[in-house]
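The structure appears below as structure tokens.
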Amino acid sequence: MKRAEKAERIGEILEDLYPDPPVPLDHTDPYTLLVAVALSAQTTDKKVNEVTPGLFAAASTPEEMATLSPEEILGHIRELGLAPTKAKNLSTMAHQIVDAGGEIIPTFEFLESLAGVGHKTASVVMAQAYGVPAFPVDTHIHRLAARWGLSNGTNVERTERDLKAVFPRETWNDRHLQIIFFGREYCPAQRHDLTACPICSWAATKKRIAEEARPRR
């Protein structure tokens, strides 16, 4: 089966399971989404959603965040992975946005110029806050794309290009969320029986199924 045919069938399954996928990070506007996504690195969305209410009660705009010291920000996000670095980045980011006029400029160039914001984070904000077609690829989507034979990319940049090539542009913003939700519900990273998976069972190669079936030392 060619990649395009495989992607079409996968898309149909994902659309059926998750016809209107929500953004898993709680937010009220582009800035709070940006902050939440930046905080989600090496941390679960659930954990981020537990700490952001307190953070946003103290500072929900760049101007308010800029009045807090990195130590004060750290006090709200201490439970998250990489919290000290994230606190410093949120402080610097807030000052950068304030210096640029106080509003997020909805371009990849501006977003990726901000402290702690990489291409994936910028892609999520552009897609979910501004409706610009993007295909954010994190380690989970990277893993599933490889399992399903949609990409043999050795890095997330290559996987992003491969997924954009096989899924219609108008589906990108929903598709990356659908893959995330599918991974959580049906396709976990560890101890996954590919033969019982609604997608891996037919999309993964026999070699891949055998590799993941071998007990890990």
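The values are calculated or read from the model by the stated rules, or taken from the named source; none is laboratory data. The structure presented is a predicted model; accordingly, all values stated were derived computationally and were not measured. Methodologically, a virtual Cβ is constructed for each residue, glycine included, from the backbone with ideal geometry; neighbour enumeration extends over all protein chains shown. Surface areas here come from the heavy atoms of the whole protein model, side chains and all, with no ligands, DNA or RNA. Shrake-Rupley method; radii C 1.70, N 1.55, O 1.52, S 1.80 Å.
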query: Mind checking the angle between helix 45-58 and the chain's longest principal axis? C-alpha axes, 0 to 90 degrees, to the nearest 10.
result: 10 degrees
query: If you find the alpha carbon centre of region 1-58 and of region 83-138, how far apart are they in angstrom?
result: 15 Å
query: When the Kirkwood radius is taken over all Cα pairs of region 56-125, what Stokes-Einstein diffusion coefficient follows at 25 °C and 0.890 mPa s, in µm²/s?
result: 199 µm²/s
field: Histogram of C-alpha separations across region 1-113, 5 Å bin width, %
entry: 2, 11, 19, 19, 15, 10, 7, 7, 6, 3, 1, 0
- request: Give me the angle, in degrees from 0 to 90, between the Cα long axis of helix 3-17 and the longest principal axis of the Cα atoms of the chain, rounded to the nearest 10.
  value: 60 degrees
field: Average Cα contact separation per residue, region 1-74, under 8 Å, 6 or more apart, as relative contact order %
entry: 22 percent
query: On full extension of the chain, what length is gained from D193 through R169, given 0.36 nm per residue of separation minus the C-alpha to C-alpha distance?
result: 5.5 nm
statement: Most fluctuating of A196, A146, A66 in the GNM of the chain (C-alpha, under 10 Å) is A196
- prompt: Modelled label-to-label distance, A57 and T154, 7 Å Cα→beta-carbon offset: nm?
  reply: 4.9 nm
query: How about region 59-130: which GluC sites (Glu not before Pro) there are in a DSSP loop, with at most 13 other Cβ atoms within 10 Å of their Cβ?
result: E79, E103
statement: Taking Cα pairs closer than 8 Å and at least 6 residues apart, the relative contact order of region 1-151 in percent is 21 percent
message: Report the rotationally averaged projected area of region 42-188 based on its alpha-carbon convex hull, in square nanometres.
response: 9.1 nm²
task: Tell me, for the chain, which Cys residues have no other cysteine's C-beta sitting closer than 4.7 Å.
output: C187
- prompt: In nm, to one decimal, how far is the D16 label point from the E103 one, both placed 7 Å along Cα→Cβ?
  reply: 4.4 nm
message: Using DSSP to call loops (not H, G, I, E or B), can you name the trypsin sites (Lys or Arg not before Pro) in region 18-79 whose Cβ has at most 13 other Cβ atoms within 10 angstrom?
response: R78
statement: For the chain, the longest principal axis of the Cα atoms and the Cα long axis of helix 156-166 enclose an angle in degrees, to the nearest 10, of 60 degrees
task: Could you do me a favour and compute the accessible area per residue for region 156-208, 1.4 Å probe, result in Å²?
output: 55 Å²
